[in-house]
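The block underneath contains the structure these notes are about, expressed in structure tokens.
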Amino acid sequence: MSARTTDRTADPAAVATAMGARVRTETADVFSAIGRWRIPELILFFGLIFEGALFGLPLPFNQLVMMAIIGLGLTRRPQADLGRLQLIVPIFAIALFYIAMISMFADPTDLASDWKRRLIRLTLTAVLVLILATGRIDFRSAIAGLGIGMLFNAVAFYVGLAPDNYGGALSGYFMDKNVAGMAYAVFGVLMLAVIDKRWLKVVLLLAFAVLVWKTGSRTSISALSAGVLWVVLAPRLGVVGRWALGLAVYLGVRLLAEDFSQIGVFSERDGSDALRSRIDAASEIKVDGAGFFGSGLGEAYIVFPDDPMKVWFFHNSYWSALVEGGWPWLLLILGITVVFALRPFTRDLNGQELGVQAATIARLICAWRLGEVLFTIQWAVVIAFAIYLHASRAEAEKRTPTAGGIPTGAA
């Protein structure tokens, strides 16, 4: 009797019993993974979804959460030796000193934001990278907290508890639909790096794909698509193949960016697209006038002559970096991102590292059409996770050549 005949004549009771055992095993694995989550990390990273100022606080709530994460990390011992990756410390020091000097001696425009306050935020972001990269915070719990927070944001939005600032497009506590779209896209991809169960990956990916679509952010939709494509194809490619895939992703995103505006619900955005084009045109003029060294922190904004007191922020993070710190600042930020997270010349990358690489690509795509993407809290999480994985793998390979990464389990 063939195997196919045997399958067709299998005892239904035996099949049901086997399926029940499989479900029990999968469920037990999921609960076992949940049981290993650390509650402090879970709660704090849940709080990173709150972009606005709450309870009358002088700062956005997630910035206060960032300080709390740093404080928690400082009470713990490092779990990973960064080794040569400690180079990130002097790089950050040089970058922050440079942008501080540029801002200090620049002549700020009337409506520019306070450069000192922005410098403090950048410094905290750099410290957050170092705290996370040394493993003082459990990444599995942190990313789980972020994921739960983002799902909570969607539920709260649709039951009417979270803010609706864009006429039904999903924004919620992120306060901006593009920020929400970026978060759902980047962390939707990043979560694939810490989940081992294929069915759970599919469920979460579908859920986050729906949520990205609900934000209406075309850039975030492109970023998520590129990230998923990278997760699927990059493991089958070598270094040159990944370069070719990266070029194809870049060209595809540039090509589809224009076509998106003519498809379905996106074709109804003539007014907002016209405003964005107007902002981009004014932004490009300001970029050209900033010079090689930029104009200082807080200058990535424009005003229109017909409404000189209304501030519009840039819709391009690369231009923002050029205006604030010129080419040295942009190249420093991109250098950190490419060298420590994208790692384009590394031949042997495990599944987790490729997942972080995909999240980095998604973030770089978002930076093209969104104004504040680089050197932010979310950027710090991706960069730090990449450094931690690299350091942990190098340390583990000293003991066992096939070791590396972090244990994933069910989640």
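The values are calculated or read from the model by the stated rules, or taken from the named source; none is laboratory data. All values reported here derive from a predicted model rather than from experimental measurement. Note: ideal-geometry Cβ built from the backbone for every residue, glycine included; neighbour counts use all protein chains shown. For accessibility, only protein heavy atoms count, side chains too; no ligands or nucleic acids. Shrake-Rupley method; radii C 1.70, N 1.55, O 1.52, S 1.80 Å.
Kindly provide the set of residues from region 28-63 that are modelled with pLDDT under 85, part of a helix (DSSP H, G or I) and open to solvent by 60 Å² or more (accessible area, probe 1.4 Å), ordered by number. Give the steps one after another, and end with the answer.
Start the filter on region 28-63 by keeping residues that are modelled with pLDDT under 85, which leaves 28-37, 52-59.
Next, only the ones that are part of a helix (DSSP H, G or I) stay: 28-35.
Answer for region 28-63, where residues must be modelled with pLDDT under 85, part of a helix (DSSP H, G or I) and open to solvent by 60 Å² or more (accessible area, probe 1.4 Å): Phe31, Ile34, Gly35.
Does Gly181 meet the test of being over 20 Å from Leu364 (Cα atoms) and of a type in the set (Gly, Ala, Ser)?
Values: over 20 Å from Leu364 (Cα atoms): no; of a type in the set (Gly, Ala, Ser): yes.
No, not satisfied.
Going by what's in this entry, would Thr75 be described as of a type in the set (Ser, Thr, Tyr) and exposed (fewer than 13 other Cβ atoms within 10 Å of the Cβ)?
Numbers: of a type in the set (Ser, Thr, Tyr): yes; exposed (fewer than 13 other Cβ atoms within 10 Å of the Cβ): yes.
For Thr75, the condition - of a type in the set (Ser, Thr, Tyr) and exposed (fewer than 13 other Cβ atoms within 10 Å of the Cβ) - is met.
If a residue has to be touching a Leu at 6+ places or on another chain (Cβ under 7 Å), polar (S, T, N, Q) and over 22 Å from Ala394 (Cα atoms) to count, how many in region 126-171 make the cut?
1
In region 147-173, which residues are open to solvent by less than 10 Å² (accessible area, probe 1.4 Å) and either within 30 Å of His390 (Cα to Cα) or under 17 Å from the mean Cα position of the chain (by Cα) (or both)?
Across region 147-173, the qualifying residues are Gly147, Gly149, Met150, Asn153, Ser171.
Restricted to region 281-319, and to residues that are in a strand (DSSP E or B) and either in contact (Cβ under 8 Å) with a residue 40 or more places away in the chain or basic (Lys, Arg) (or both), which residue is farthest from Leu374 (Cα to Cα)?
Filtering region 281-319 for residues in a strand (DSSP E or B) gives 301-304, 307-313.
When the remaining residues are screened for being either in contact (Cβ under 8 Å) with a residue 40 or more places away in the chain or basic (Lys, Arg) (or both), the result is 301, 303, 309-311, 313.
Values: Tyr301: 16, Val303: 23, Met309: 27, Lys310: 24, Val311: 20, Phe313: 14 Å.
Checking each candidate, the answer is Met309.
Scan region 342-351 and give yes if some residue there is of a type in the set (Gly, Ala, Ser) and buried (at least 24 other Cβ atoms within 10 Å of the Cβ), otherwise no. Spell out the reasoning first.
Step one: filter region 342-351 for residues of a type in the set (Gly, Ala, Ser), giving 351.
This time we only want the ones that are buried (at least 24 other Cβ atoms within 10 Å of the Cβ), so: none.
There is no residue in region 342-351 that is of a type in the set (Gly, Ala, Ser) and buried (at least 24 other Cβ atoms within 10 Å of the Cβ).
Spot the failing condition for Gln79; the list is (1) part of a helix (DSSP H, G or I); (2) touching a Gly at 6+ places or on another chain (Cβ under 8 Å); (3) of a type in the set (S, T, N, Q), and only one is missed.
Here Gln79 clears every test but (1).
Cβ-Cβ distance below 7 Å, separation of 6 or more or different chains: which pairs start in region 66-95 with a residue that is farther than 17 Å from Ala142 by Cα and of a type in the set (Lys, Arg) and end on one that is at pLDDT below 95 and outside any helix (DSSP H, G or I)?
Pairs found: none.
How about region 108-195: which helices (runs of 4 or more DSSP H) wholly inside it have at least 1 residues that are farther than 22 Å from Arg369 by Cβ? Please lay out each step first, then the result.
On the way: elements: 115-133, 139-158, 177-190.
By residue number, 115-133, 139-158.
Hey, among Lys201, Lys214, Lys197, which residue is surrounded by fewer than 19 Cβ atoms within 10 Å (Cβ to Cβ) and either modelled with pLDDT of 90 or more or under 28 Å from Ala169 (Cα atoms) (or both)?
Every option except Lys201 fails the conditions.
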